[in-house]
Every structure is written in structure tokens, then in C-alpha cells.
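Reading through the C-alpha cells given below for one structure.
Bear in mind these aren't lab numbers, they're just calculated from the coordinates by the rules spelled out. Note that the structure is predicted; figures quoted are calculated from it, not measured. Cβ placement follows ideal geometry from the backbone for every residue including glycine, while neighbour counts extend to all protein chains displayed.
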Amino acid sequence: MKDKKSPDRFRFGDLMIEATSDIGARPGRLIVTIAGAVLGIAALVATAGLAQTASDQIERQFTAIASTQVVARPATAKNQDGESVATATLPADAADRISRLAGVEASATLSPLDLRGGSVSAVSVVDPSAPATVSPKVFASGAGLVNTVGARVVSGRFFDAGHDRRGDRVAVLGAEAADALGVRRLDAQPSIFLDGRAYAVIGIITDVDAVGDLAGAVIIPDGAARVDFALRSPSEVRARIVPGAGPQLRPQLALALAPDAPDDITVGAPASRSEVSKGVQSDVASIFTVVGIVVLLVGGLGIATVTMLSVTERTAEIGLRRALGATRRQIAAQFVVESVVIGGLGGLIGSSLGVFTVVAVALVQHWTPVLNPLVAVGGAFLGAAVGLVAGGLPARRAARVEPVVALRGT
């Protein structure tokens, strides 16, 4: 009965004890062995985390500017002279129409004005002998332009619906236009002259990233533009929308602006996610993944080398165990388990180091760290897999050691 129970059978628990006892006996070698796996796994985990974090940060920046801006214009076609001409017109109340749509937070019309040779000046008298200068661009807009494009009023105020309705000759300057015209203070109630017509400057704006031309432009109410410059209809209407609402609002805006012919309106709306952020995430991930794989291969080679050295140093021990009845499979399993444990330990430490790197970089840059938990958990298992592959050849060599040859060489 005792023979059938096999009390001396080499069980899995015995295998783990034998495999791990030698690992802890040489802590210095253990540190050197797992260093490559640690660096490789840390690089891969940090790559994934930094790519996701950077993508999220880019997404936030585009959300703050480009991805919340919608522009609707009349469709155009080529005339006989090859020039593009509008095939429709926007209604005068275009901003009011689209402001009622769900997902639209602010809206305003915007139209570039042609002064037809007229100048923009801060003085009423034109000196023919003065050198020619480039006049600022002139735009007409509705009262909601500041909120729509996310601009900031640094001095004075922006004109309101009352100015627009009455056609008051008031103007707001972009910061660059104010510097070019020499308008730096509004307490003296300065005026500028558009084609000889005096306009009181009531405000200066900046941070117009959504429409860069406004930084060096003069902006007047639509009502004044209709009276003084024969503005017939807005050139475009802009809206600030809720992030991600672009695809849904694109057909709704066209229908609201031209119920009878929505195809005559061209609407430029952002996609639900910026293609630029996708591209940046892909590029960052590709670069760091290649680096991580190279380091991981070096780590696997280190595990294989040290394990092979361990087989050479422990030839006598292997021969003795074979002489006492250990099979080739048990010897191979011992060294494979050693490599898996070393690789798994390196993967666990490397994964933790990678997560810490992502969090540290995010905190320094004042970002929100983003990392898929499966990536961190998978890093530890990947380290064990590298150890399994790296330990295959040394384990095979250890299993082929003959007891007589090993014991004779001691």
C-alpha cells in the first residue's frame, strides 16, 4: 500500500520550493537578471499610459477650441468666369435660428467687409504723402461673437444687441489691430475711421484662437455694416457647441438655416473625436512600443543568459538529483519555473514602475493620468511569458545532463 501512495513523489509544491530556493540565495544576481525585464515592461506600460494621457490632453485642448466650433456658409459654385459665387444667402436672423438647437451654447454671424479702397485709420485726415500701410481687416458680427469664439475682453466691452439693432457706429478691436492703430486706452473715448466714417472704439479683445484673423481686425455691428457698407446678408454663422455634438448638429443647422433647400448650406462641424489626437496617440505609442520591445528582448536575453550560467554552475547538483531519481522533465520544469518566477517578478515591478511614471509625468504637467488597468495587469503576465520563453533553452540543456558525467566532473 505504501508503494501505491508514492510518498516520495515530486509534487508541484516541491517543484516550487526547489525552483525558488536558488533565486533568493543570490540577491545580487537576481537584481541584475530582472533589470532587463523591469525596464522593458516599465517602458511598455509607460508607453501605453503616456499615449492615452497625451491623447486625452490633446482631446481636451481641441475640445476647448476647434472641436466646439461649427461654421455654416452658403454653398458656392463656379460662374462663367471661373469665380466661386454663393448660390444662396444666410438669413439675417441666422444666429437666432441655430441658437434654439439642442447642443448649441452660443452663436453669432461673422462677415468680412470690403471697404472698396477705403482705409482704416485712427486719424480723420488722410495724408497723401504718408507712406502706405496695410489696413486692418474689417468684420461685421452679431453681439454674441465673444462667447461664440471664446474671446476675452481685455478693455472696455463688446457691443450688444442694442448697438446692432440701432446700427450704432461702434467698433471693437483685436489686440493686434489696437496696437497697429495706436489705441491703448479707452478712457479718452478714441475713435477710428472706416472709409472716412468715425466709429467709437468701445472695447479690445484677445484670445481669439478660434478665428485667428480677428486678432488684427476691426469688428463692427451687423446693423452698422448694413447701413454704411451695404451688407446684404451674413457671410457665415458660427456656433459654439457641446463637445461631441457636431455630427448630430450638422444636418440640423442646414435645415434650420434653409428649410426649403438645406443642400444650399455648407456646414463645417467637427467629428466626435479629433483625428489629430488619434494620429498623435498612434505616433507616440509606436515610438515607445518599439523602444519597450527592444528593452524587453534585452531583458529576456539576460534571463536566458543568467539561467544558462546557473545550469553550468549547478551541474553537480543536477547530476546528484538525477542520480537520486529525478526525471528529465522534473529538472527542466525546475529551471522553467525559475525563469517564469524571475520574469513575473520583473513584470510586476516593471508594471508598477510604469504606472508610477505615468502618474508622475501627469502630475508634473498638470494633466489627468489615463491608463487602462488591463495594461498594468497584463505587464506582469507579459514578464512571466518572457521568462517562460527565455528559460526554455537552459531548461532543455539542464534536462540533458547525465548523472554519471556530472558527478564525475565534481
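Only bridges with both residues in the stretch 89-260 count here: give the DSSP antiparallel percent, nearest 5. Numbers along the way, then the final one.
Numbers: 21 of 31 bridges.
Counting DSSP beta bridges with both partners in the stretch 89-260, the antiparallel share is about 70 percent.
With r as the distance between the Cβ atoms of Gln365 and Thr87 and R0 = 41 Å, compute the FRET efficiency 1/(1 + (r/R0)^6) and round to 0.05. List each step's numbers first, then the result.
Numbers: r = 48 Å, r/R0 = 1.17.
Step by step, r from the Cβ atoms, then E = 0.30.
For Ala161 and Phe381, what does the FRET efficiency come to when R0 = 60 Å and r is the distance between their Cβ atoms, rounded to the nearest 0.05? Walk me through the numbers before you get to the answer.
Working: r = 63 Å, r/R0 = 1.05.
Using R0 = 60 Å, I get an efficiency of 0.45.
When Lys78, Lys137 are ordered from fewest to most other Cβ atoms inside 10 Å of their Cβ, what list results? Walk me through the numbers before you get to the answer.
Working: Lys78 9, Lys137 17.
The order, fewest Cβ neighbours first, is Lys78, Lys137.
Given R₀ = 45 Å, FRET efficiency for Ala323-Leu374 by Cβ-Cβ distance, to 0.05? Each step should come with its number before you reach the end.
Working: r = 47 Å, r/R0 = 1.04.
For Ala323 and Leu374, the calculated efficiency is 0.45.
From Cα coordinates alone, what are the radius of gyration and Dmax values for the stretch 89-260 in angstrom?
Looking at the stretch 89-260, its Cα Rg and Dmax stand at 16.6, 56 Å.
Dipole magnitude of the stretch 89-260 about its Cα centre, charges +1 at Lys/Arg Cβ and -1 at Asp/Glu Cβ only, in debye to the nearest 20?
Details: 17 positive and 19 negative charges, 45 e Å.
The dipole magnitude comes to about 220 debye.
Can you give me the distance in nm between label points at Arg185 and Asp207, each placed 7 Å from the Cα along the Cα-to-Cβ direction?
2.6 nm
For a protection proxy built on the mean count of beta-carbon atoms within 10 angstrom, sort 259-267, 210-218, 95-103 highest first, please.
On the way: 259-267: 14.2, 210-218: 19.4, 95-103: 17.6.
Result, highest mean first: 210-218, 95-103, 259-267.
Want the number for Leu115 to Arg226: 0.36 nm per residue separation, take away the alpha-carbon distance, what's left? Please report the intermediate quantities before stating the final value.
Values: separation 111, 0.36 × 111 = 39.96 nm, distance 1.26 nm.
Roughly 38.7 nm would be gained on extension.
With each pseudo-label sitting 7 Å past Cα toward Cβ, what's the Asp195-Ala316 distance in nm, one decimal?
10.4 nm
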